[in-house]
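The values are calculated or read from the model by the stated rules, or taken from the named source; none is laboratory data. Computed from a prediction, not measured in an experiment: that's the story for all the values here. Neighbour counts run over all protein chains shown; Cβ positions are idealised from the backbone, glycine included.
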Amino acid sequence: MSLFTLRRGKAPLILSMPHAGTEIPEEFAGAFASDWLARKDADWHIPALYAFAEALDATIIRATVSRTVIDLNRDPSGVSLYPGQATTGLCPTETFDGEPLCAAPDEAETTRRLGRYFWPYHHALSAEIARLRGLHDEITLYDCHSIRSRIPRLFEGELPQFNIGTNDGRSCAPARAAHVVEACAESHFSWVLNGRFKGGWITRHYADPARGVHAIQMELAMRGYMDEPAAPAPENWPTPILSPAPIQPVLETILKGLCS
């Protein structure tokens, strides 16, 4: 099984899609409460939503394995990125809604999953960052995410459409954050900078603005590109991607600006 797909481009832009995977390796057959629950919290349709980035000659790395095996955007040490707030861990044992998913792996199993499923993605991502820094003085790592608009266990009310994360301004130069904010602000959609989602481990770990590596996480509320049922269930989730996706023009403006 291929753990990720990789498209190498020459533009100063990398799109990372660590939660786009929905495959469950055979070794985990029967390990989860259900395959549907194991896939429920995927970042649905993200590769299709950002397919236009190929025309920008962006580098795109996309995970294929479900985040329930191991979460590629969590600190490998297991330390929480949002202390005091509800979240799922490195090897999730419950869904975003708190539904039991599986038994917690022991330390040896967690270490095995890190070696088998976590580090290959990150070794490839690190190599692409180094390759593009050899071509450009400045590059942007844009971490692509999405989530349902309402998940009471994780946040109150309805999430803004665009949730821009720059680790409170530490992961990218102000001008790059300003470009993303401007594109969102000029749309009719809601947005926030460093709100509930400030950037996961990928954004925080790889960012090095002083050395020309700028990192931004974009957490999209899914209602901008797919219909969201009030209560997701096996018979109604996931829904298809909308065509055209209402938020896609905003994303195109964002990425075109980050390529310049």
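Brief remarks on what is shown
- Selection over segment 128-143 of residues that are touching a strand residue (DSSP E or B) at 6+ places or on another chain (Cβ under 7 Å) and part of a helix (DSSP H, G or I) gives a count of 4.
- Among the residues making up segment 202-244, those that are closer than 30 Å to residue 175 by Cα and surrounded by fewer than 16 Cβ atoms within 10 Å (Cβ to Cβ) are 208, 210, 211, 244.
- Top-ranked residue of segment 67-86 - restricted to ones that are of a type outside the set (A, V, I, L, M, F, W, C) and within 15 Å of the chain's Cα centre (by Cα), ranked as farthest from residue 126 (Cα to Cα): 68
- Condition met for residue 249 (loosely packed, with under 14 Cβ neighbours inside 10 Å, within 28 Å of residue 140 (Cα to Cα) and at pLDDT 95 or above): yes
- Condition check for residue 89: free of Cβ contacts under 8 Å to residues at least 12 places away in the same chain, assigned to a loop (DSSP other than H, G, I, E, B) and either farther than 15 Å from residue 147 by Cβ or touching a Leu at 6+ places or on another chain (Cβ under 8 Å) (or both): no
- Residue list for segment 153-178, restricted to those being farther than 17 Å from residue 223 by Cβ, touching a residue at least 60 places away in the same chain (Cβ under 8 Å) and surrounded by fewer than 20 Cβ atoms within 10 Å (Cβ to Cβ): 153
- Taken together, the criteria exclude residue 196 from residues that are of a type in the set (Lys, Arg) and surrounded by 17 or more Cβ atoms within 10 Å (Cβ to Cβ).
- Selection status of residue 125, part of a helix (DSSP H, G or I), crowded, with 17+ Cβ neighbours inside 10 Å and in contact (Cβ under 8 Å) with a residue 40 or more places away in the chain: yes
- Search result, residues across segment 57-78 that are in contact with a strand residue (DSSP E or B) (Cβ under 8 Å, 6 or more places away or on another chain), β-branched (Val, Ile, Thr) and assigned to a loop (DSSP other than H, G, I, E, B): 64
- Top-ranked residue of segment 13-42 - restricted to ones that are among the hydroxyl-bearing types (Ser, Thr, Tyr) and touching a Phe, Trp or Tyr at 6+ places or on another chain (Cβ under 9 Å), ranked as surrounded by the most Cβ atoms within 10 Å (Cβ to Cβ): 16
- Lone unmet requirement of (1) assigned to a helix (DSSP H, G or I); (2) without any contact (Cβ under 8 Å) to a residue 12 or more places away in the chain for residue 253: (2)
- Residue 130 vs. criteria small (Gly, Ala, Ser), modelled with pLDDT of 95 or more, under 21 Å from residue 213 (Cα atoms) and touching a Leu at 6+ places or on another chain (Cβ under 6 Å): no
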